[in-house]
Amino acid sequence: MIKLHSITGPELKAHRRAQKISQTRMGQMIGCSRDAISRREARSNPIKYFRGVTARMLEVLGIEVLKRFETNSCSRGDGVLQTEDHLQEARDRQSELEFARALAKLSQPDRPCLAETRRGHLCKLMPEPGRKRCKFHGGMSTGPKTKEGRERIAAAQRKRWAAWRRQAGNS
């Protein structure tokens with residue numbers, strides 16, 4: 001029997017997966033739908049009420065959630081009641097989740113490409129990572145179009161191959 005001060009939906013999901021039980025199987029075991037299991041596991045905040053489906057899930061998984069005491073322990077003597085460390089742990093987990101979500105949101109592009117297409121509409125594709133335009137409008141062309149451009153690319157290629165041959169000859 002695992003004893004915890006609090007549990008969130010994702011933690012509940014991790015315990016279920018550790019025991020290799022699917023949502024459908026869990027629903028059959030406790031007599032509810034797969035959607036009911038999914039809803040309980042989708043809650044990111046610590047679960048407060050342990051009745052019904054949640055209580056049956058915890059029973060099947062062998063988890064006991066200890067009762068929370070909302071009174072101040074100083075008036076009754078230190079060490080008599082549980083401390084509020086488990087509440088701080090839950091707050092820390094929640095702030096870590098929010099921080100991870102914020103980082104994920106920052107890493108995603110904010111807006112679509114919005115280049116004007118040949119039909120006159122705005123492009124709805126998201127930009128390439130680290131760029132402002134999508135792969136079709138961001139200058140990723142099929143090659144140089146002018147004679148000077150072709151000569152410049154050819155010279156750069158010759159220079160690269162010469163360096164590669166020198167390095168291959170030294171090895």
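The values are calculated or read from the model by the stated rules, or taken from the named source; none is laboratory data. This is a predicted model, so every value here is computed, not measured. Cβ: placed from backbone, ideal geometry, glycine included. Neighbour counts: every protein chain shown.
Would you please list the contacts, defined by Cβ atoms under 7 Å and residues six or more apart or on different chains, that run from a residue in segment 19-46 that is more than 21 Å from H5 (Cα to Cα) to a residue that is charged (D, E, K, R) and at pLDDT 90 or above?
Between residues of segment 19-46 that are more than 21 Å from H5 (Cα to Cα) and residues that are charged (D, E, K, R) and at pLDDT 90 or above, the close pairs are Q23/R34; T24/R34; M26/R16; G27/R34; I30/R56.
I'd like the full set of residues that are touching a residue at least 12 places away in the same chain (Cβ under 8 Å) and not aliphatic (A, V, I, L, M), limited to segment 91-107.
Within segment 91-107, R93, Q94 meet the criteria.
Failed condition for M57, given (1) in contact with a Lys or Arg (Cβ under 9 Å, 6 or more places away or on another chain); (2) at pLDDT below 90; (3) closer than 18 Å to E11 by Cα, with all others met?
Exception for M57: condition (2).
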